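Only one structure is covered here, and it is reproduced in the block below.
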Amino acid sequence: MVNTIEESVMGREHNIKFRKARRVTQISFLIVLILSLVKIVVGYLFGSSGLIADGLHSFLDSIMILTVMIVVVYMTREPSERFPYGYYKAEDLAVLFISIVFLVISIDLVYNSVLAIKAREYGVIDPLAAVVAFSSGAISFSIGMIQERVARSANISSLLLNSREMKYDSIASSFVGVSILLGNYFYIPLDKVASIILGLVVAWVAVMSLKNAILGLLDAWNRPQITEKIRGIILSFPKVRDVKTVRLRKAGPLIFGDAII
């Protein structure tokens, strides 16, 4: 009876955290989508490829947030006969898809920026583009901090990944702003260099996220300290003579396991 009450309380706490995560992702999605459109439009109007790249980066962030919203909805669904462990693996699938998209876009971004530098396609950019970049950076950083706090509370990896990406976006936006101002002053292609650096950062994040998603889908486990801790707890029961195997797998914010004793 006590266990049933505890499980019920824990279930309610998880649902509250997931609902909060859903609200945060919904608000973040709207803000980031607006930011991305503003940066892309201003970048085109004033000829800043760095700002356009940053806008595309933010647009990908908004897609990622939308995917996280869908994942959070699935994670709140009750397990069924067909899915007895729930729908937590949807998170790994979402991260896998997002990482592939990020990787492709970042490679294309770097390639086009290198071509633009070789062709000497750069000139003076309106300082208003720099103001947009700096403002976007401040907003992205604030969103990232809020997302990180909620993600750690609910233990949602995809939301935590997005919070880090928002911080990267903040740094990238600030760098684009600086490159626009200095590029205008020295008449050098810093705006294009910023695009290349931004593309490489996005590619690195995409590769690492892709790796983690694949390992999650394959039920890879590399936390032996938790395995040994569970083994010790089982052995602490007087009637248990030996523990033959302990198998653990991560699914979303939860860890499922079984043991042969």
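The values are calculated or read from the model by the stated rules, or taken from the named source; none is laboratory data. What you are looking at is a predicted structure, and each value in this text was computed from that prediction instead of being measured. So basically every Cβ, Gly included, is an ideal-geometry build from the backbone, and we count neighbours across all protein chains shown. Surface areas here come from the heavy atoms of the whole protein model, side chains and all, with no ligands, DNA or RNA. Shrake-Rupley method; radii C 1.70, N 1.55, O 1.52, S 1.80 Å.
Structure values in brief
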item	result
Inter-residue pairs, beta-carbon under 8 Å, first without any contact (Cβ under 8 Å) to a residue 40 or more places away in the chain and in the stretch 18-40, second open to solvent by 40 Å² or more (accessible area, probe 1.4 Å) and in a helix (DSSP H, G or I), 6+ apart	33/59; 36/56; 36/59; 37/59; 40/56; 40/59
Residue satisfying all of: in the stretch 206-227; open to solvent by less than 20 Å² (accessible area, probe 1.4 Å) and of a type outside the set (S, T, N, Q); nearest to residue 43 (Cα to Cα) among these	206
Residue match in the stretch 16-26 (condition: within 30 Å of residue 215 (Cα to Cα) and over 21 Å from the mean Cα position of the chain (by Cα))	yes
In the stretch 29-57, the residues that are small (Gly, Ala, Ser) and at pLDDT 80 or above	36, 43, 55
Filter pass, residue 240 being touching a residue at least 12 places away in the same chain (Cβ under 8 Å) and not in a strand (DSSP E or B)	yes
Leading residue by the ranking (surrounded by the most Cβ atoms within 10 Å (Cβ to Cβ)) among those in the stretch 176-200 that are closer than 20 Å to residue 141 by Cα and without any contact (Cβ under 8 Å) to a residue 60 or more places away in the chain	177
